[in-house]
Amino acid sequence: MRQFLSRLALAAALAAAPAPILAQNLFEPVIYINNAAITRYEVDQRQRFMQILGAPGTTAEEAQQALIDDRLRNHAARQLGIVPTEEGLQNGLEEFASRAGLSAAEFTAALENAGVEPQAYRDFVSAGLVWRSVIRERVVPRIKVSDAEVDQELRRVVETPILSRVLISELIIPAPPGQEQQALNLARQIAGAGLSSDEFEAAARQYSAADSAQAGGRLAWVNIDNLPPSLRPVITALQPGQTTQPLTVEGAVVLFHLRDSQGTLRPGATEQVVDFATLRLPTAADAATLGARTRSCDDLYVQAGAQAGQVQRQTLPQGAIPTLVAQRLATLDADETGVVDYGNAADLVMLCSRQPALVAQMENDVATTALPDDGVEDAVPGGDALPTRDAVRDQIFNRKANAAADAYLAELRAEALIRRP
């Protein structure tokens, strides 16, 4: 996180540059929100602060929107009686500064050298602190994560190939001293344009200073393990056709575009554990008739009447299911029935559910393979291990909380009276 220091140096250069804002009234209101003013000075301070962080908010319009949102966050907190304590605020300042490997005092001093007043830093952290309290009180109690959602997410993880190689294009924009912000702004424009692979190649030919520019920034296939560790999560988070956000390095701003990717499934990912029910009946016609009026596996016991005690419900790996029954189950969706006709008798077969064996192993200790000496769990290397159910539940919970927080902020924004002088 010491990269923050290079950004602070950039901000110092910006602060030293002529600023047209000085010719204007710094404390002139530029926007009112619920009759509270946001001044030109506040916008300038937030803009400089966000430039240092390398975060969204580097234009005056973005800085204004960030300040509007902070005002709304503070307004929501006041309505709930939430006020940050001095101790809590100081802890928040220390925690934020620690991301740059600095104390709050050191970070504040560096900001002042870059032309950012301590109050801008305090206001930024304070708004975040009270907003988290608002979300904990108003949003979090309403969020529930079901076991079915956890199962669904685990199935998605199992069915998603583990990336092994990527096909990327690069665009490297020079950022010599004094021109860092221009380079960053250009990179943000390119990244935000949603360019196709062909369009990204055209941009690389026009703007990139790399040797690959003539080839439209196109690079050969590269193994994920060969990428720098800090770059791997950035690239693996992309879908083909997507571009990274600008990455700042010494003397340049870099963009990567993912053209294609290759991967392999986890060992055992295609194995399934099947929950199913069977009932032996005299004829195929009897089985078909009963199946036509049965709506679910639980309903089968009701519809079977006096024969309910003969219903066999089992949860088995695919390889342990009798062949004819397994073949019939393969064609069914959950709560659908089929018939296996043996000539002198027939089985009504009903699929209750199916799930990846790797997921079933996590929750039920069900054998995931018919071969006792070749358990799927033993074939899964540690690096490819599935996340725990608790970790998945936390991920889903956080995703829901973030979405709910964004929705609540949008609601506050829609209800607010926002006007310009």
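The values are calculated or read from the model by the stated rules, or taken from the named source; none is laboratory data. This is a predicted model, so every value here is computed, not measured. Glycine gets a Cβ as well: all are built from the backbone with ideal geometry, and neighbour counts include every protein chain shown. The accessibility values were calculated without ligands, DNA or RNA, using every heavy atom of the protein model including side chains. Shrake-Rupley method; radii C 1.70, N 1.55, O 1.52, S 1.80 Å.
Pairs linking a residue in region 379-393 that is over 21 Å from Glu149 (Cα atoms) to a residue that is at pLDDT below 85 and among the charged types (D, E, K, R), with Cβ atoms under 8 Å and 6 or more positions apart or on different chains, are Val380/Arg266; Asp384/Arg266. Ala407 satisfies every condition listed in (1) within 15 Å of Gln152 (Cα to Cα); (2) at pLDDT 75 or above; (3) open to solvent by 50 Å² or more (accessible area, probe 1.4 Å) except (1).
Annotation: of all residues in region 159-183 being in a helix (DSSP H, G or I) and surrounded by 20 or more Cβ atoms within 10 Å (Cβ to Cβ), the one that is modelled with the highest pLDDT is Ala183.
Checking the stated criteria, Arg280 turns out to be touching a strand residue (DSSP E or B) at 6+ places or on another chain (Cβ under 8 Å), of a type in the set (D, E, K, R) and in contact (Cβ under 8 Å) with a residue 24 or more places away in the chain. In the set (1) open to solvent by less than 50 Å² (accessible area, probe 1.4 Å); (2) within 24 Å of the chain's Cα centre (by Cα); (3) hydroxyl-bearing (Ser, Thr, Tyr), Ser212 fails one condition alone, (2).
Which of the residues spanning region 277-293 are of a type outside the set (A, V, I, L, M) and either assigned to a helix (DSSP H, G or I) or more than 50 Å from the chain's Cα centre (by Cα) (or both)? Hits for region 277-293 are Pro282, Thr283, Asp286, Thr289, Gly291. So Gly101 ticks every box in (1) exposed (fewer than 15 other Cβ atoms within 10 Å of the Cβ); (2) at negative phi; (3) in contact (Cβ under 8 Å) with a residue 12 or more places away in the chain but one. Which box is left unticked? For Gly101, the failing item is (2).
Quick grid of which residues meet (1) touching a residue at least 60 places away in the same chain (Cβ under 8 Å); (2) touching a strand residue (DSSP E or B) at 6+ places or on another chain (Cβ under 8 Å); (3) not in a helix (DSSP H, G or I):
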residue	(1), (2), (3)
Phe27	no, yes, yes
Ile38	no, yes, yes
Glu42	yes, no, no
Ile52	yes, no, no
Glu61	no, no, no
Gln64	no, yes, no
Asn91	no, no, no
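Take the residues in region 215-227 that are within 14 Å of Ser261 (Cα to Cα) and assigned to a helix (DSSP H, G or I); name whichever of them is least open to solvent (accessible area, probe 1.4 Å). Taking the candidates together, the pick is Ile224.
Checked against (1) part of a helix (DSSP H, G or I); (2) open to solvent by 70 Å² or more (accessible area, probe 1.4 Å); (3) farther than 21 Å from Ile52 by Cα, Gln239 passes all but condition (1). Among the conditions (1) in contact with a helix residue (DSSP H, G or I) (Cβ under 8 Å, 6 or more places away or on another chain); (2) at positive phi; (3) surrounded by fewer than 17 Cβ atoms within 10 Å (Cβ to Cβ), the only one that Gly251 does not satisfy is (1). Tell me which residues, restricted to region 184-193, are touching a strand residue (DSSP E or B) at 6+ places or on another chain (Cβ under 8 Å) and open to solvent by 10 Å² or more (accessible area, probe 1.4 Å). Within region 184-193, Leu184, Leu186, Ile190, Ala191 qualify. Scan region 283-319 for residues that are touching a strand residue (DSSP E or B) at 6+ places or on another chain (Cβ under 7 Å) and surrounded by fewer than 13 Cβ atoms within 10 Å (Cβ to Cβ) and the total you get is 2. Taken over region 320-332, the criterion of being open to solvent by 40 Å² or more (accessible area, probe 1.4 Å) and either out of contact with any strand residue (DSSP E or B) (no Cβ under 7 Å at 6 or more places or on another chain) or more than 20 Å from Ser296 (Cβ to Cβ) (or both) is satisfied by Ala320, Pro322, Thr323, Leu324, Gln327, Ala330.
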